[in-house]
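Novice: I have a structure I would like to understand better, so I am pasting it below and will then ask my questions one at a time.
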Amino acid sequence: MADIPDTLLESLRAARHVMVLTGTGVSAESGLATFRTPQTGLWERFRPEDLATPSAFQRDPALVWGWYEWRRMQVMRAAPNPAHEALSALQKLMPRMTLVTQNVDDLHERAGSDPVIHLHGTLLQPYCGRCRESYALPREIPEEPDGGRLLEPPSCHRCAGSIRPGVVWFGEALPQRDWDLAVRAAAACDAFLCVGTSSVVQPAASLIEMAIKAGAVAVQINPNPTGLEGRLFCELQGPAGVVLPELLERLRRLY
Ligand code: BV8
Ligand code: ZN
């Protein structure tokens with residue numbers, strides 16, 4: 001049982017606009033690896049930060065495309081967990097909730113959240129690195145060897161350029177429209193829930209500071225400390241799949 005203070009419940013009940021920022025920790029209970037988990041299989045000797053860059057794709061397109069396709073298979077085999085479900089229900093319960101994610105999976109959408117603001121793109125919409133034409137991925141889930149495999153990226157049917165993952169790599173700018181929406185919500189929200197992120201990656205990690213400066217109540221939901229502790233109204237220490245359903249349950253009694 002997470003220790004949810006009444007003062008937090010009162011603040012959330014009184015909030016006109018709640019903002020939620022999620023990271024890979026919200027998909028951990030769906031069986032997806034968090035970002036800073038050591039890689040497995042072919043990619044064991046790489047750090048994700050080293051694979052998630054334009055230069056890595058330039059240097060070894062088959063290694064990087066293979067990694068993303070392997071991750072996409074994992075997502076297609078995964079299901080939303082109680083954390084995703086609770087956030088979808090919260091979005092319907094609250095007068096206004098802006099859901100922003102750093103994740104590149106579609107588990108929030110599959111749990112019924114809508115809209116979902118993706119700051120770092122998505123595994124599901126690759127595009128041509130040369131002409132930006134989008135590329136339709138095969139829907140069937142091939143039998144992927146557990147460790148994944150090298151896979152040459154497909155070629156664009158319009159200009160024959162290399163298709164690349166539809167994610168934002170390190171060193172690449174975030175999609176301007178999504179970033180602007182997130183910044184506007186951070187400045188306007190009454191409460192900010194930071195769920196399942198180590199708050200290391202910028203500029204996404206700066207959103208909570210913007211919300212605190214604008215007077216929002218800031219809450220972290222994470223089994224581990226992240227260094228944000230001194231800046232928070234409170235931390236709900238525990239897995240998102242346990243804490244969020246409980247928070248939803250307690251809030252429902254107030255409505
Ligand atoms: C940019 C897509 C400039 C790819 C990702 C200051 C300002 C601006 C930039 C920088 C800066 N300082 C450094 C930078 C550069 C860089 C950066 O932040 N580097 C880091 C390593 C320091 N930032 C960038 O490059 C960004 N671009 O700034 O461009 C620019 C401007 C104009 C023009 C040109 C360029 C781009 C960053 C986006 C990178 N792409 N993802 C892919 O997925 O492959 S980031 C990647 O990290 C994922 O999106 C992931 O979501 C994100 C954050 O990681 P977390 O989600 O927090 O995951 P992590 O594993 O770290 O933590 C998991 C947490 O969950 C843990 O705390 C754990 O305790 C918790 N947890 C575990 N289980 C559970 C749980 N919580 C709850 N329940 C559980 N069950
Ligand atoms: Zn093209």
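Novice: Looking only at segment 157-173, which residues are more than 9 Å from ligand 2 (Cβ to nearest atom) and open to solvent by 30 Å² or more (accessible area, probe 1.4 Å)? Reasoning before the result, please.
Specialist: Narrowing segment 157-173 to residues more than 9 Å from ligand 2 (Cβ to nearest atom): 164-173.
Scanning segment 157-173 gives Val168, Phe170, Gly171, Glu172, Ala173.
Novice: Within segment 201-223, which residues are open to solvent by 70 Å² or more (accessible area, probe 1.4 Å) and either among the polar types (S, T, N, Q) or within 16 Å of Leu8 (Cα to Cα) (or both)?
Specialist: Listed by number, the list holds a single entry, Gln202.
Novice: Let me ask another. Only residues that are among the basic types (Lys, Arg) and out of contact with any helix residue (DSSP H, G or I) (no Cβ under 8 Å at 6 or more places or on another chain): list them for segment 152-178, please. Steps first, answer last, please.
Specialist: Step one: of segment 152-178, the residues among the basic types (Lys, Arg) are 158, 164, 177.
Arg158, Arg177, listed by residue number.
Novice: Moving on to the next point. Given (1) outside the structural domain of Leu51 (by TED's automatic domain parsing); (2) within 16 Å of ligand 2 (Cβ to nearest atom); (3) not acidic (Asp, Glu), identify the lone condition not met by Ala182.
Specialist: (2)
Novice: Could you please give the count of residues in segment 187-198 that are more than 12 Å from Thr101 (Cα to Cα) and touching a strand residue (DSSP E or B) at 6+ places or on another chain (Cβ under 9 Å)? Working first, answer last.
Specialist: Quick first cut of segment 187-198, residues more than 12 Å from Thr101 (Cα to Cα) only: 187-192, 198.
When the remaining residues are screened for being touching a strand residue (DSSP E or B) at 6+ places or on another chain (Cβ under 9 Å), the result is 188-192, 198.
Residues meeting the conditions: 6.
Novice: Would it be correct to say that Asp106 is among the charged types (D, E, K, R), open to solvent by 30 Å² or more (accessible area, probe 1.4 Å), more than 28 Å from Leu63 (Cα to Cα) and modelled with pLDDT of 95 or more? Give the steps one after another, and end with the answer.
Specialist: Numbers: among the charged types (D, E, K, R): yes; open to solvent by 30 Å² or more (accessible area, probe 1.4 Å): yes; more than 28 Å from Leu63 (Cα to Cα): no; modelled with pLDDT of 95 or more: yes.
In short, no.
Novice: Hey, can you tell me all the residues within segment 111-136 that are in a loop (DSSP other than H, G, I, E, B) and away from ligand 2 (no atom under 16 Å from the Cβ)? Steps first, please.
Specialist: Going through segment 111-136, the residues in a loop (DSSP other than H, G, I, E, B) turn out to be 111-116, 119-120, 122-126, 129-133, 135-136.
Answer for segment 111-136, where residues must be in a loop (DSSP other than H, G, I, E, B) and away from ligand 2 (no atom under 16 Å from the Cβ): Ala111, Gly112, Ser113, Asp114, Pro115, Val116, Leu119, His120, Thr122, Leu123, Leu124.
Novice: Would you be able to say whether some residue in segment 206-224 is away from ligand 2 (no atom under 16 Å from the Cβ), farther than 20 Å from Val116 by Cα and among the polar types (S, T, N, Q)?
Specialist: Looking through segment 206-224, at least one residue is away from ligand 2 (no atom under 16 Å from the Cβ), farther than 20 Å from Val116 by Cα and among the polar types (S, T, N, Q).
Novice: Quickly run through segment 15-33 and pick out the residues that are in a helix (DSSP H, G or I) and open to solvent by 10 Å² or more (accessible area, probe 1.4 Å).
Specialist: Step one: of segment 15-33, the residues in a helix (DSSP H, G or I) are 24-30.
Listed by number, the residues that qualify are Thr24, Gly25, Ala28, Glu29, Ser30.
Each row is one residue, and each column tells you yes or no for (1) within 16 Å of ligand 2 (Cβ to nearest atom); (2) under 19 Å from Arg72 (Cβ atoms); (3) assigned to a helix (DSSP H, G or I).
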{"site": "Thr98", "(1), (2), (3)": "no, no, no"}
{"site": "Val104", "(1), (2), (3)": "no, yes, no"}
{"site": "Glu109", "(1), (2), (3)": "no, yes, yes"}
{"site": "Gly147", "(1), (2), (3)": "no, yes, no"}
{"site": "Pro153", "(1), (2), (3)": "yes, yes, no"}
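Novice: Shifting gears a bit: Considering only residues that are surrounded by fewer than 19 Cβ atoms within 10 Å (Cβ to Cβ) and closer than 19 Å to Glu85 by Cβ, which ones fall in segment 224-241?
Specialist: Result: Gly238, single match.
Novice: If I filter segment 3-14 for residues that are in a loop (DSSP other than H, G, I, E, B) and either touching a helix residue (DSSP H, G or I) at 6+ places or on another chain (Cβ under 7 Å) or not assigned by TED's automatic domain parsing to the domain that holds Arg110 (or both), do I get at least one hit? I'd like the intermediate steps shown before the answer.
Specialist: Within segment 3-14, the subset in a loop (DSSP other than H, G, I, E, B) is 3-5.
Within this subset, residues satisfying the condition of being either touching a helix residue (DSSP H, G or I) at 6+ places or on another chain (Cβ under 7 Å) or not assigned by TED's automatic domain parsing to the domain that holds Arg110 (or both) are 4.
Within segment 3-14, one or more residues are in a loop (DSSP other than H, G, I, E, B) and either touching a helix residue (DSSP H, G or I) at 6+ places or on another chain (Cβ under 7 Å) or not assigned by TED's automatic domain parsing to the domain that holds Arg110 (or both).
Novice: Can you name the residue in segment 67-96 that is assigned to a helix (DSSP H, G or I) and touching a Gly at 6+ places or on another chain (Cβ under 7 Å) and is also most open to solvent (accessible area, probe 1.4 Å) among such residues? Break it down stepwise before answering.
Specialist: The first filter runs over segment 67-96 and keeps only residues assigned to a helix (DSSP H, G or I), leaving 67-77, 82-93.
If we keep only those that are touching a Gly at 6+ places or on another chain (Cβ under 7 Å) as well, we get 67, 70, 82-83, 88.
Values: Trp67: 3, Trp70: 33, Pro82: 70, Ala83: 0, Ser88: 7 Å².
Residue satisfying both the conditions and the ranking: Pro82.
The values are calculated or read from the model by the stated rules, or taken from the named source; none is laboratory data. Remember, it's a predicted structure, so these values are computed and weren't measured experimentally. For neighbour counting, all protein chains shown are included, and Cβ atoms are generated from backbone atoms with ideal geometry for every residue, glycine included. Quick note on the areas: whole protein, heavy atoms, side chains included, nothing else; ligands and nucleic acids left out. Shrake-Rupley method; radii C 1.70, N 1.55, O 1.52, S 1.80 Å.
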